[in-house]
Each structure stands twice: as C-alpha cells, then as structure tokens.
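Beneath this line is the structure, given in structure tokens, with notes to follow.
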Amino acid sequence: MKRELTQWYSPALGKDMPVAIYGDYGFALLLIPTAAADYLEYERFQMMDVLAPWIDAGKVKVFSINSINNESWLNNEMLPEHKAIRHNQFNQYVFEEVIPFIKSKTSQETPIITCGASFGALHSMNLFLKRPDLINGVIAMSGVYDLHDYTKGYSDDQTYMNSPMSYMPNLTDPWYLDHIRRSNHIHILTGSGSYEDPDASRAFAGVLYNKGINYELDIWGADMNHDWPTWRKMLPYYIDSRF
C-alpha cells in the first residue's frame, strides 16, 4: 500500500497541519480523528490494515488529517466562546485547504466522503452538511450529533451552527437541502454495546427523514461496543458494499 506523509502551514489555523495519504486511486475518503487524536490514529489502530485490500485495488484513496479538539472543545483552559471560534477555523481549514489538496491529488470529479468515529462522526457529518457542494457524502460511526454534549452547557450561535441536531431541524434553505438530498451516501452507523448510543443515531436519522433526505441508518448488535474493533468491522464492510 502506498503511504505518503505531508504537511503545510495552515493560514486558517496558524500552524503546520500534517496529512497522511494512503493509496493511488479511487474515491477520496477523508478521515476525521476521534476526540483528542491525531492524523495517524486510524493507522495506529489498524484501520489501514483492514482497508488495504480496497486501497490496493484502487477503490478508495484515504486522506487522514489532524483534529484540533484539544485546542477547542476539549481545552478546559479556554473560554467557551473561543472554543467555537477555533472550531470554525478548523472548518475553514478543511473547506479551503484540505478539499483543494484532495482535488490536487485526485481530480476535480473525484467524490469526497467524510468519515469519522465517535467525536469524529459528529465533525464528519457537520462538515458534509455545511458544504454539500464540496463533500459528496459521509460515513459516521458511533456518533452523537448534538455538539452541546461536548460544550459543558455552553451555547451560542456558533455552537448551534456546528451542532447538526440543532440546526438541521430548522434548515429551510433550498440550496442546502437540494445539495444534501443529492447524496446517495449518508451512512449513520452505530453499535448497541457498551458506551454506544444508538438512540442518538436514531434521533438524527429522524431529523433527516423529516427533511426528505435519504440516509442509511444501520444499528449493529449488542456485541458492537464503542471501540476500534467495531469500527474496523463497520468501515471495510461499507467500503466494500456501498461504493
């Protein structure tokens, strides 16, 4: 499997941001880390090993980026309003830097699918819903789609606008809804085992249903816990069967 590590200075974030790239061809899978993790997290937890057959076959090309959750939602020394500002800079980094980079490494026509587990599922979903003109779909695993679960009770306009469970029920803009509805790849996956919250996935799927948005809700069994063995089973299955 071809593996490349690169980085650049991000104007949006004011720091160097590394990216790991796996493979040569296929649709682009943009991986968002869990919680406080980094761009090599998926590799460390053997996700690249289980995806290798599809990467080597040219079905998917994977791009894995850093999170900045330690500089935003998980930073207990930062004022809550500043956390939202920092997170918006992360969104800007993805939209204005990462997406063009992916296009430069693939093509203008290559579909881009965001993907993440746990906190990364929320971010992956949020990125897709905010820019469905740039991102073609999402695979969200074991997510909770209300950002306020992470804000320790703080709420303002920016936390609202980054919380899919908050803004999607009130979304009426036809431009956004039309673009979101065009996607055939809104996959909401969860287990039912320890530390999973399938009701959160059900609730968000209900929001999409009420907006006339096609989605796939897939709730796995009680043996599927909120942990890497679950995600190592889910993601290869979806790459193989849905793309």
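Quick notes on this structure:
- Here is the figure for the stretch 162-192: residues that are among the hydrophobic types (A, V, I, L, M, F, W, C) and farther than 30 Å from PHE243 by Cα total 0.
Listed here are the residues, each with its yes/no results for (1) surrounded by 20 or more Cβ atoms within 10 Å (Cβ to Cβ); (2) touching a helix residue (DSSP H, G or I) at 6+ places or on another chain (Cβ under 6 Å); (3) at positive phi.
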| residue | (1), (2), (3) |
| --- | --- |
| ASN184 | no, no, no |
| SER192 | no, yes, no |
| GLY206 | no, no, no |
| ILE213 | no, yes, no |
| LEU217 | no, yes, no |
| TRP228 | no, no, no |
| ARG232 | no, yes, no |
| LEU235 | yes, no, no |
| TYR238 | no, no, no |
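- ALA52 being of a type outside the set (Ser, Thr, Tyr) and over 21 Å from ALA35 (Cβ atoms): yes
- Restricting the stretch 54-94 to residues that are outside any helix (DSSP H, G or I) and among the basic types (Lys, Arg) leaves a set whose member that is surrounded by the fewest Cβ atoms within 10 Å (Cβ to Cβ) is LYS59.
- Among the residues of the stretch 22-80, those that are more than 18 Å from MET141 (Cα to Cα), of a type in the set (A, V, I, L, M) and more than 17 Å from the chain's Cα centre (by Cα) comprise ALA52, ILE55, ALA57, LEU74, MET78, LEU79.
- Answer residue from the stretch 100-114, given it is within 13 Å of the chain's Cα centre (by Cα) and among the aliphatic types (A, V, I, L, M) and is surrounded by the most Cβ atoms within 10 Å (Cβ to Cβ) among those: ILE113
Coordinate-derived values only; no laboratory data. Here the structure is a predicted model, which is why all the values come from computation and not from measurement. Cβ atoms come from the backbone with ideal geometry, glycine included; neighbour counts cover every protein chain shown.
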